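Q: The structure under discussion is supplied below as structure tokens; questions concerning it will follow.
A short reminder: the numbers here are calculations on the coordinates, not readings from a lab. Quick caveat: nothing in here was measured; it's all calculated off a predicted structure. So basically every Cβ, Gly included, is an ideal-geometry build from the backbone, and we count neighbours across all protein chains shown.
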Amino acid sequence: MTFAWAIVLLVLLPLAAAALSFAFPRRGGWLAAGAAVGIGVGTAQLIRAVLADGAQIHQVGGWGAPLGIDLRADGLAVWMLLVAGINGAAVALYSSRYFGMERSEEGRHRERYFWPLFLFLWTALNALFLSADIFNLYVTLEMLGFAAVMLAALAGGRDALAAAMRYLLVSLSASLFYLLGVALVYGQCGTVDLRLLAAQAPAQPAPWVALALMTGGLATKTALLPMHFWLPPAHASAPAPVSALLSALVVKGSFYILLRLWFEAFQVRMTPAVAQALGALGAAAILWGSISALRQARLKLLIAHSTVAQIGYLFLLFPRAASPKAGFLGWSGGLILLGAHACAKTAMFLTAGNILHAVGHDRIKDLEGVTRGLPVSMFAFGLSALSLVGLPPSGGFAGKWLLLSAGVAQGQWWWIAMVLFGSLLAAAYVVRVLTHAFTSGSKPAILNPIPPVMEWTALVLAIVAAGFGLAAFWPAELLRAGAPQAMPFLAGGAAP
Amino acid sequence: MPDADYRLYLMASAAIFTIGFYSMLTQAHLLRRIMAFNVMGCGVFLLFITLAARAPGPVPDPVPHAMVLTGIVVSVCATGLALALAGRVQTVTGKTELEPGEDAGGRSGAAHHGSSA
Amino acid sequence: MNIDGLVLLGILLSSFLTGVAIFFLNEESHRLRTWLNLLGAGLKLILVAALLWGIYQGHEYSFSIDFLPGIPLALGADAHSVLFVTLSTVLWFWTTLYAVGYLEGSPHRSRFFGFFSLCVTATTGIALSANLVTFLTFYELLTVTTYPLVVHRGTEDAMRGGRIYLAYTMLGGTVLLLAVVWLHGLAGPIAFRERGAIESLMATRRGELQALFMLFMIGIGFKAALVPLHGWLPKAMVAPAPVSALLHAVAVVKAGAFGIVRIVHDVFGIENAAKLGVLQPLAIAAGVTILYGSLLALFQDGLKKRLAYSTVSQVSYIVLGTAILGPLATIGGLVHLVHQGLMKITLFFGAGNYAETLGIHRVSEMNGVGRRMPWTTAAFTVAALGMIGLPPLAGHVSKSYLNQGAAAAGQEWVAILLAASSLLNAAYFLPILWRAWFMSPPRQWPHEHAFGRWETHWMLLAAPLVTAGLVLWAGLSAESSFSPLAWVKLIAAREYGP
Amino acid sequence: MGALSWAALSLPAKPPGLAKASLDRLGESGVAHPVTAVLLNYRGYDTLLEVGVLLLALAGAWSLGRGEQPAENPQSRPLLLSLLRVLLPMLLLAAGHLLWIGAFAPGGAFQGGALLGGALVLLILGGLARRALKRERCLRAGLALGVLVFAGIAAVTMALTGGLLQYPPGAGGALILVIETAAMVSIGLALGLLYLGGQPPEGARRSLLATPPDHA
Amino acid sequence: MIWRSFDWFLLLAIVGLGWRSLNDRDLFRAVIQFIAFGLLAAVAWVRLRAPDVALAEAAVGSGLTGALLLSALARMRRREQQAVPPRTEASE
């Protein structure tokens, strides 16, 4: 199967499924299932191709950059597709029961609109990861943003709508910042192709401003401190599967573009100062996010604030990977952490959804005795917490290990302390939840039964998150096999 | 019709974008913020089109034109969506502004259980 | 990796799969759970026996899979591993039996035994680790799997104890992680017993190595309960008795002591460590811990608390032996790893029996308990006398080797220290024995349960009797060729061999 | 703003754009108007996703619940109706014209779609679209049409030429026209229906003149 | 010269209208100014030789967006009037 067919499966199939599920609202679940299978096949094929032959390029329309749009699958892109695929499929499975639980007119309405929006979101993610064209990335970014906002609004309550409104305004402004940057880049370089930009490496001032604008916009969409304010309310008030998508995947879309910009197209501008500055924001996010997660009274808000902190970890990738001493260690560490966080966060939000539905609230201090009613869910929560804290052999551990190793190789002790301290804070806030869950309360307090599929989906994802450190060498291999030639820093700090 | 003075247009695009962004930050009414977004967008489009007009050759560069067309459609979609959402926000909360308190993040729903279920 | 290596994997999986299976058992399927537990424990015993036999036959065991990029998850069976894995497997079997009896009828048993099995998996994993990252992995797993056991009762007290336990051990784990990452950054991935990397750094990176050694000792010292990192141990006493037994004799504290031995012997090498000048501070820390633990034990009225402080003190014997250069001290320290385990588990079984049968939690309530529960008290007495170091019991063997080793190394202060500690041991154990045997029982016990024919449930009785027997055996047959001492001598010979 | 102006002014006076490249290869694109060539051929993939965004925006708006009929002034209705009678055919004609001339002159699916959308808004305002708005299934199909046709053609070109949206030689013009027609219908519908601010109101409503109750 | 002053005039008008439309106290007037802003932008596109964009801007950017804004404003006002107690000050 050629790369082009994989694109048909990864982009056109979910897009068509989205349109069809809008046209035939009752078939949404089945269409999503079909799209999930197609995406699975496409991703598997791409992984195989990348491992065998390195990065793959497809010139849409046969024109080729700069006139046409190039799509590209390299190790990074395929890894992101895989992460999105796993989490997307899990959320789809979960949602097949979640929205059906509510038998009201409103519940049916939600289910009808969840599927097209969800499929658009998945289309946008796949298209985003495959794109090598910064204007095309803008279009995918908008699609991603719209789908995310409307999914967040699906809960329909007062909080959810206000949060979604804020999210939309923030997201739209951020997109325009990005687009303005694209305009400046095009005016300077005459191309919007990532690889051609990398080859040009212009030194004029305009790209600096462009890069600053794009970074600002994308960092806002990624909810990097101090532009994180919109995230907790939006992620916490959305329906559980949507929260999972938002935290696990949506913020990573814009983060991925940041990686592409700084490490590929404009890598000449990746000076130590820039890397340290981005890393410092990440460190601040770890602190702020963790401490405010500690102070939350509600489970979903706690998880949402933890996302802010975990995003901070992702930004530690910049100072780590930008160094010639540790490049690949930091790079693979950050990206493995990204995958691990996605799975762990999805599992956590799905668990929170189960709890919310089962006991009718998610106030942490009143969760006593929940373990008895929902042992599988709480076990899933515990397992995903392992990964969030970074205990071995979880994916979170593998990622942090590599980041720490990179820090040691660079001799930057301040960052190492930050990572370790962040882990302790993470341990503190997850233990806060587990403590209440383990306390033998007087009442089991389970109001509504939870369909087993919803509990087991969360558990399987949690097992993936907690166990995939055991296979951490594999994504590292994938990232190396598919590393584009344009990323010379990856040669540095290769794992022995 | 002689060529326009492009420097003027470039500066105007920067000004329009800045005005839009400033209002996005300072205005509270949702309708104004949505308009502010459109004004910002207009600034970006003006930059694109000016750059296209500066391209060497007899005809302007069509690529930015196509990009702007895409952008305009996206922004009208965004406007429609945002207005619909703003309408719902007003129906549910009775307000046409977002509460500034929510900016802090984390306050929302401390006492109030979101209707997500 | 070889086929033999699968035995190692089997040793881990025998309890891991049991644990996972138990999680999914219905709370009511009491019999099935018991059988599963004993099956897992028995299977593990058989596999360990097979391992011992194989090693005796000259087989080499190793198992490794890819883990982090460039670093495998590796298991191996060297002399240290076998010593610790045998100890923990044997004691686990009896603790399981004991726990089944102890928790009869209490809630959340599936959860309890699930984590119980996982906890032992982690302990055997620590024993069998063949490199630092594997060690770290199981070390953290141990933290995670013991937490639910500590908080098992779910009371306010339990939760508080659990929080403190977790805070200490997570902090320790973090420091250990830092040390491991740092060492990997300096020397690349290291398997145990390969000291080339360290040796090449000895000349150039002396300061860093010293700092690293300190970090390792702090990181592991939390679990080994070295003063002042011991604060969690008395608080963790809220756990049910079998858990305390496991924590003190088999799993957590012991894993800490074992970790210190590993780092000194197999990562740095005892001679390198001596050249770095880091052994003396470690010895002093151990000495302080020994005295401090014994002193505090003296003032505890709670029986389990007294035993807990006694552990703080006794475990540092192992550390002390490791920190003194010379084969005799090494033997003394290592053999105490086994002997202390046997004695302490017996003591905790005894304490559990008193609590479960008569509702006794305090030393002051123990008057005449020997008449009501002679078998339990006999086992308790054997272990307590062993702790004091009375010949021919197990404790005596360890202490005499430590004494001789210290003398050989020219560290006379150790002899004084040990004498003082023995006196203190006697001071806090003998009054208990006196009360138990010679004072008259009260008219009514605080909270008496009837258990039929025997003085208590037979499962609760069997375990301490067996372990007390082991204490006797380890002391009496110390000089035979199948005792822990013989095995330990082998290790020491290799450590100081050519 | 200063930095922005400074950056914009620092851009090269003759930017190295793609003007020449896009004109040079116009012959291969199947259309004669460069902007249409960019939109539907060189960068057709962008447009495919964009048609998706349009549908997504509408789906998003509908997900918020039912919209409302805009309240209108009864006095203005006769006037509006007579205006519509003249305007509507003209708008439809103009939309078709724009679509057709898009191949070689300014115009195309977006502009045509915008006119269609405008016509739809006028119909709604005039209360003439009431029956049409009740046929939700047709609306949904019409809205999805653009995406489905576009994606379908993308897949077909894949089968024919081995390249996504790589039109077989000579067939470019025709395929682009098919895509544009379907896209124009969907664009027009979507833009017009966004005006309602939600899903079309339920058909049960008696009179357009009655103030619709708030949809909570 | 004439064209140059035309550019000046056009751009000043656009910037001015942009500012006014976002800051006028009366929302209705603000929307009308916004529509005018869009139409002037369309003129600018023509001036920059972008007739496609001008067409789209006039139809979509100004026309449809204006219609959307006006109807949204009308709906908002109606909701405000229906709300109990009436809150007129929010429309400014």
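Q: Measure off 7 Å from each Cα along the Cα-to-Cβ vector at A:E102 and B:A28, then give the distance between these two points in nanometres to one decimal.
A: Result for the modelled spin labels: 3.0 nm.
Q: Taking the convex hull of the Cα atoms, report for the range A:1-63 its projected area averaged over all directions, in nm².
A: Average of the hull's projected areas for the range A:1-63 equals 4.7 nm².
Q: Cα extents of the range D:1-128 along the three principal axes, largest first, in whole Å?
A: That works out to 57, 40, 28 Å along the principal axes.
Q: Follow-up. Per Stokes-Einstein, at 4 °C and 1.567 mPa s, what whole-number D in µm² s⁻¹ belongs to chain A, with the Kirkwood radius over Cα pairs as the hydrodynamic radius?
A: The diffusion coefficient I find is 58 µm²/s.
Q: Using the Cα gyration tensor of the range D:91-172, with a ≥ b ≥ c the square roots of its eigenvalues, what is the shape: rounded (a/c below 1.5), prolate (a/b larger than b/c) or oblate (neither)?
A: Oblate shape, in that a/c is at least 1.5 and b/c is the bigger or equal ratio.
Q: Mind running the shape call on the range A:295-490? Use the C-alpha gyration tensor, a ≥ b ≥ c as the square roots of the eigenvalues: rounded below 1.5 for a/c, prolate if a/b tops b/c, oblate otherwise.
A: Prolate, because a/c is 1.5 or more and a/b exceeds b/c.
Q: Okay, moving on. Note down the relative contact order for chain C as a percent, whole number, built from C-alpha pairs under 8 angstrom at least six residues apart.
A: RCO, chain C: 14 percent.
Q: Treat the range A:177-287 as a sphere of radius equal to its Kirkwood radius over Cα pairs and apply Stokes-Einstein at 10 °C in a medium of 1.306 mPa s; give the translational diffusion coefficient in µm²/s, rounded to a whole number.
A: 106
Q: A further question follows. Less than 16 Å apart at the alpha-carbon level, and either on another chain or at least 8 residues along: which lysines does that give for A:K300?
A: Within reach: A:K345, A:K365.
Q: Just want to confirm a number: the relative contact order over the range A:90-172, from Cα pairs under 8 angstrom separated by 6+ residues, in percent.
A: It comes to 23 percent, rounded to a whole number.
Q: To continue, here is another question. Quick one: which residues, 5+ away or cross-chain, put their amide H under 5 Å from the amide H of D:R66? H built at 1.01 Å from N.
A: Answer set, sorted by chain and number: D:Q199.
Q: Is the shape of the range B:6-96 rounded, prolate or oblate, going by the alpha carbon gyration tensor and its root eigenvalues a ≥ b ≥ c, with a/c under 1.5 for rounded and a/b larger than b/c for prolate?
A: oblate
Q: Using the Karplus equation 6.51 cos²θ - 1.76 cosθ + 1.60 (θ = phi - 60°), what ³J(HN,Hα) coupling, rounded to whole Hz, does each residue of the range A:298-307 give in order, writing x for Gly and Pro?
A: With coefficients 6.51, -1.76 and 1.60, one gets 10, 4, 5, 5, 4, 5, 5, 5, 5, 4 Hz.
Q: Taking amide H positions as placed in the peptide plane 1.01 Å from N, state which residues far from A:Q56 in sequence (5 or more) or on other chains have amide H under 5 Å from it.
A: A:A73, A:D74
Q: Report the label-to-label distance for C:L17 and D:H97 in nanometres (one decimal), using points 7 Å from each Cα along the Cα→Cβ vector.
A: 8.0
Q: Restricting everything to alpha-carbon atoms, can you work out Rg to Rh for the range C:351-498 with a Kirkwood hydrodynamic radius?
A: Radius of gyration relative to Kirkwood radius: 1.08.
Q: Could you list which residues have their amide H under 5 Å from that of C:S64, counting only those 5 or more apart in sequence or on another chain, with H placed in the peptide plane?
A: The answer is C:L75.
Q: Counting only Cα atoms, I'd like the Rg/Rh figure for the range C:56-137, Kirkwood definition for Rh.
A: 1.09
Q: With a Cα-only, solvent-free Debye model of chain D, what are the log10 I(q)/I(0) values at q = 0.08 Å⁻¹?
A: Listed by q, the Debye log ratios stand at -0.38.
Q: Calculate one ³J(HN,Hα) per residue across the range A:358-370 by plugging θ = phi - 60° into the Karplus curve 6.51 cos²θ - 1.76 cosθ + 1.60, and present them in order as whole Hz with x for glycine and proline.
A: For the range A:358-370, the Karplus-derived couplings read 6, 9, x, 7, 9, 6, 5, 6, 9, 8, 4, x, 5 Hz, x marking Gly and Pro.
Q: Excluding residues on the same chain fewer than 8 positions from C:K489, give the lysines whose Cα lies under 28 Å from its Cα.
A: C:K44, C:K223, C:K254, C:K275, C:K344, C:K399
Q: To continue, here is another question. Could you work out the mean count of beta carbons from other protein chains within 10 Å of each residue's beta carbon in A:52-62?
A: 4
Q: Now for a different question. Using θ = phi - 60° and the Karplus form 6.51 cos²θ - 1.76 cosθ + 1.60, what ³J(HN,Hα) does each residue of the range C:419-431 get, whole Hz, x for Gly and Pro?
A: Values per residue, Gly and Pro as x: 4, 4, 4, 4, 4, 4, 3, 4, 5, 9, 8, 4, x Hz.
Q: To the nearest 0.05, what FRET efficiency results for C:I416 and C:Y56 with a Förster distance of 45 Å applied to their C-beta separation?
A: After rounding to 0.05, the efficiency reads 0.65.
Q: Please compute the modelled spin-label separation between C:L423 and D:V156, points set 7 Å along Cα→Cβ, answer in nm with one decimal.
A: 10.1
Q: If the chain between C:S106 and C:H30 were fully stretched, how many nm would it gain, using 0.36 nm times the residue separation less the Cα-Cα distance?
A: Here the segment from C:S106 to C:H30 would lengthen by 26.3 nm.
Q: Tell me, how many Å apart are the Cα centres for the range A:317-331 and for the range D:116-132?
A: 58
Q: Same structure, new question: So how long is each side of the protein assembly as shown along the principal axes, counting just the alpha-carbon atoms, biggest first, in Å?
A: If we take the Cα atoms of the protein assembly as shown, the spans are 116, 67, 53 Å.
Q: Next up: Just need the Rg to Rh number for the range E:2-91, please, alpha carbons only, Kirkwood Rh.
A: 1.12
Q: Longest exposed-loop-site-free stretch of chain A, with trypsin sites (Lys or Arg not before Pro), DSSP loop and at most 16 other Cβ within 10 Å?
A: In short, A:104-294.
Q: Here's a follow-up. Output the relative contact order of chain A, whole-number percent, from Cα pairs under 8 angstrom with separation of 6+ residues.
A: Result for chain A is 16 percent.
Q: Sort C:L385, C:L472 so that the residue with the fewest other Cβ atoms within 10 Å of its own Cβ comes first and the one with the most comes last.
A: C:L472, C:L385
Q: Right, another one. Going by Cα centres, the range C:265-292 and the range B:3-41 are how many Å apart?
A: Taking the Cα centre of the range B:3-41 as reference, the centre of the range C:265-292 is 70 Å away.
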